[in-house]
Amino acid sequence: SSSSSSSTCWLTYLPSELLGLAFSYLSCPVDFTIFGFLNKHCHTAMLQADVMTVALPASTSAEAALSLFRQWKGLSRVSMDNCNQLTSEVIRELGVTSPLVQHLSMTDAWFLNDLNMNGLVHQYRDTLISVDFARCQRASFPAISLCQNLISIRLARCMKVREKTLETLFRNAKPVLKEVDLSALNITGVTLLSLGRFQPQVESLKLMGCCYINSADINRYLELATALRELNLVGCTSIQHLAAPLPSCVSLHLGAGSSSSCKVSSLCENLQQLTLAWCTISDTDILRLVLANPQLTSVNLSGSPVSFDTLITLYKRCPLLRHLDVQSCRHVSIPRSFKKADPLRSLADHVNERSD
């Protein structure tokens, strides 16, 4: 058709340098295949493209990954999430063809182990600034302690990671770490203290399911982490009391289950997101947090003993509130007519009825 002819003509006469620049923004090899084989001109541009980012689909075979890494050299950002058909040979090839990778993501990669990862991490120790190895449960990543320029590290559910490795990393790395996710690791207050002492500028800390962290541990850490903006302690059943101030925190997440309890006496005045799901925090503490944070935009109180009067105060006090979850709230003072599936509208209707 005339439209397809004009499209082919447009691609044919577009300079290969410009086409190559466009290709460099494609991260998925499938996209490269589609555009690179439209015609000979596009294929040439694909081969000349200065590709910096590659995200391999989960179905990528080892042979395909080897071919891609040999073709696109000098990568700076590589994602191989859920790619469990890959092999140690692929890891070695990546290290050879792209020696300056800065961002590396390999979540849920069950083929990873210390044998095929230590060499790669050791090679990238001076270039890596972001790593995500979440749920890679066969590797302990001892070589990660050599990385000195990390800004973001995610090791959630990497059950073999040792406290000594983390302590060495925090102590030896430059004080530039901003985001840390150690969820579900068997760490204690020793690791937290090391993080607070040597990396006090951390802005986001996720410790979901870290059952060995207690109240004294987290409060001691918070006294050192004055730049913290996000704190997630969901599932930390040993934490019963937050007392240290959180002056910079805008996102606080607590709660674990119907049997957990947590008293919050921390000074929090800048919260925008608050989660107290399934936490037996007192209604008084909930009300105090609401009154101190009128800028709240998202609140999750599901399973908590919040009273209806506190919900009314929350609605009136926080004009920016856009999300409210009160599912399974079991306090007797909440009217049966209250629609928990749409709490904001129900609160608005209740307030309007009272004003009338």
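The values are calculated or read from the model by the stated rules, or taken from the named source; none is laboratory data. The structure displayed is predicted, hence computed values, not measured ones. All Cβ positions, glycine included, derive from the backbone under ideal geometry; neighbour counts span all protein chains shown. Ligands, DNA and RNA are stripped out before the accessible areas are found, and what is left, the full protein with its side chains, is counted by its heavy atoms. Shrake-Rupley method; radii C 1.70, N 1.55, O 1.52, S 1.80 Å.
The residues D181, D325, D342, sorted by heavy-atom accessible surface at 1.4 Å with ligands and nucleic acids left out, run D342, D325, D181 from largest to smallest. Proximity of backbone amide H atoms, modeled 1.01 Å from N, is registered between T127 and no other residue at under 5 Å, excluding neighbours fewer than 5 places apart on the same chain. Taking label positions 7 Å along the Cα-Cβ direction at both E223 and N270, the computed distance is 2.1 nm, reported to one decimal. Show the residues, 5+ positions off or on another chain, whose built amide H is closer than 5 Å to the amide H of E269. Under 5 Å from the amide H of E269: no residue qualifies.
Over the stretch 147-284, what is the relative contact order in percent, taking alpha-carbon pairs closer than 8 angstrom and at least six residues apart?
Worked out over the stretch 147-284, it gives 17 percent.
What FRET efficiency comes out for the pair H323/S88, r = Cβ-Cβ distance, R0 = 51 Å, nearest 0.05? The calculated FRET efficiency here is 0.70. The residues of the stretch 46-188 have, on average, 42 Å² of accessible surface per residue, using a 1.4 Å probe with all protein chains present.
Note that the stretch 78-83 has calculated 3J(HN,Hα) couplings of 10, 10, 10, 5, 6, 8 Hz, one per residue in order, obtained from phi through the Karplus relation 6.51 cos²θ - 1.76 cosθ + 1.60 (θ = phi - 60°); glycine and proline are x.
Within a straight-line Cα-Cα reach of under 12 Å, K178 can be paired with the following aspartates and glutamates, leaving aside sequence neighbours fewer than 8 residues apart in one chain: E203, E230. Entry note: the stretch 193-257 has Rg to Rh equal to 0.92, where both radii use alpha-carbon atoms and Rh is the Kirkwood radius. Note that the stretch 69-75 has calculated 3J(HN,Hα) couplings of 5, 6, 7, 9, 9, x, 5 Hz, one per residue in order, obtained from phi through the Karplus relation 6.51 cos²θ - 1.76 cosθ + 1.60 (θ = phi - 60°); glycine and proline are x.
Here the Karplus relation 6.51 cos²θ - 1.76 cosθ + 1.60, evaluated at θ = phi - 60°, turns the backbone of the stretch 235-252 into coupling constants of x, 8, 6, 8, 8, 10, 8, 9, 10, 5, x, 10, x, 9, 6, 10, 9, 10 Hz, with x for every Gly and Pro.
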